[in-house]
Amino acid sequence: MDKITDIIIAALQEFNEELQEPSLEHPSLATKLFGGNGVLDSLALVSFIADIEEKVSEHYGKNIVLADEKAMSQKVSPFRTVETLSAYIEKLLNA
């Protein structure tokens, strides 16, 4: 999961070059992404998800889809924090 977290954090830092969001300057596992107090709006989330899917595919050689019915129907959104997204990606890669 550490490598997945590193990919997400690096993507957030790259993404923040455009957003200039102070809370994304030093992202951590607890960084809120989407939803209550999240730093990404729905349009930014879509772009961020596409970037993460591409980076995971490059690193692991597996294509994953993050924004599907399975993700959207979960009780706890995988897009809430860096930690929840990292755990969700690990689950997809191990499936």
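The values are calculated or read from the model by the stated rules, or taken from the named source; none is laboratory data. Just so it is clear, the structure is predicted and the values come from calculations on it, not from any experiment. A quick note on method: Cβ atoms are made from the backbone with ideal geometry, for glycine too, and the neighbour counts reach across all protein chains shown.
Kindly indicate the residue of segment 70-95 that is part of a loop (DSSP other than H, G, I, E, B) and without any contact (Cβ under 8 Å) to a residue 24 or more places away in the chain and also farthest from GLY38 (Cα to Cα) among those meeting that condition.
ALA95
Quick check on segment 52-69. Is at least one of its residues out of contact with any helix residue (DSSP H, G or I) (no Cβ under 7 Å at 6 or more places or on another chain), farther than 14 Å from LEU92 by Cβ and in contact (Cβ under 8 Å) with a residue 40 or more places away in the chain?
Within segment 52-69, none of the residues are out of contact with any helix residue (DSSP H, G or I) (no Cβ under 7 Å at 6 or more places or on another chain), farther than 14 Å from LEU92 by Cβ and in contact (Cβ under 8 Å) with a residue 40 or more places away in the chain.
Quick check, is PHE79 hydrophobic (A, V, I, L, M, F, W, C), touching a Phe, Trp or Tyr at 6+ places or on another chain (Cβ under 7 Å) and at pLDDT 95 or above?
So PHE79 fits the description; yes.
Any residue in segment 53-76 that is among the aromatic types (Phe, Trp, Tyr) and surrounded by 16 or more Cβ atoms within 10 Å (Cβ to Cβ)?
So in segment 53-76, the residues among the aromatic types (Phe, Trp, Tyr) come out as 60.
Among the residues that remain, those that are also surrounded by 16 or more Cβ atoms within 10 Å (Cβ to Cβ) are: none.
Checked segment 53-76: no residue is among the aromatic types (Phe, Trp, Tyr) and surrounded by 16 or more Cβ atoms within 10 Å (Cβ to Cβ).
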